[in-house]
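A.B. asks: I'd like to ask some things about the structure below.
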Amino acid sequence: MAALTSLARLDTRLSAYIIDGLLFFPISFALFLPSFVDLDVLRAWLLWALSWHLYWAFFWSRLGHGQTLGMRVRRIRVVREDGRDVEVRRAVVRATVLFFGSVVAVVPISILLSRDGVGIHDRLAGTRVIRLTT
């Protein structure tokens, strides 16, 4: 169980997200390029959205120990509010709110406007992003 002693800063979280994007985008682009070439954009977008959710939900859940690859590099982790590992259901809720909330900038704005730096996706999923000390 991780202690909720120190929440991760926004810049650390953003840099982990950028690292993940640099890893995830080329792989997903290569996988779904045939759908774009066939002009089946809806199918390609749906497959990409599904793979995006699976990536984040897997790594944020206890299956991935609460860390994406970018989060491992930046030494941060997603945990439940009580410090325990995140269940798959909570990870899916967090990924879904982040996905749709990022499209209209609700998630970043909610992080910036909250006093404690906790975004709407974390509040709805009952999770927090913490810094690892060791």
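The values are calculated or read from the model by the stated rules, or taken from the named source; none is laboratory data. Because the structure is predicted, anything quoted here is derived from the model rather than measured. We place every Cβ from the backbone using ideal geometry, glycine too, and count neighbours over all the protein chains shown.
A.B. asks: If you take the residues in segment 1-28 that are of a type in the set (A, V, I, L, M, F, W, C) and modelled with pLDDT under 75, which one is farthest from residue 133 (Cα to Cα)?
C.D. replies: 1
A.B. asks: Would you be able to tell me the number of residues in segment 54-80 that are surrounded by fewer than 17 Cβ atoms within 10 Å (Cβ to Cβ) and touching a residue at least 40 places away in the same chain (Cβ under 8 Å)?
C.D. replies: 3
A.B. asks: Another question, then. Given the condition part of a helix (DSSP H, G or I), out of contact with any helix residue (DSSP H, G or I) (no Cβ under 8 Å at 6 or more places or on another chain) and farther than 22 Å from residue 11 by Cβ, answer yes or no: does some residue in segment 72-89 qualify?
C.D. replies: Yes - at least one qualifying residue is present in segment 72-89.
A.B. asks: Is there a residue being surrounded by 15 or more Cβ atoms within 10 Å (Cβ to Cβ) and part of a strand (DSSP E or B) anywhere in segment 100-122?
C.D. replies: Looking for residues that are surrounded by 15 or more Cβ atoms within 10 Å (Cβ to Cβ) and part of a strand (DSSP E or B), one finds none in segment 100-122, hence no.
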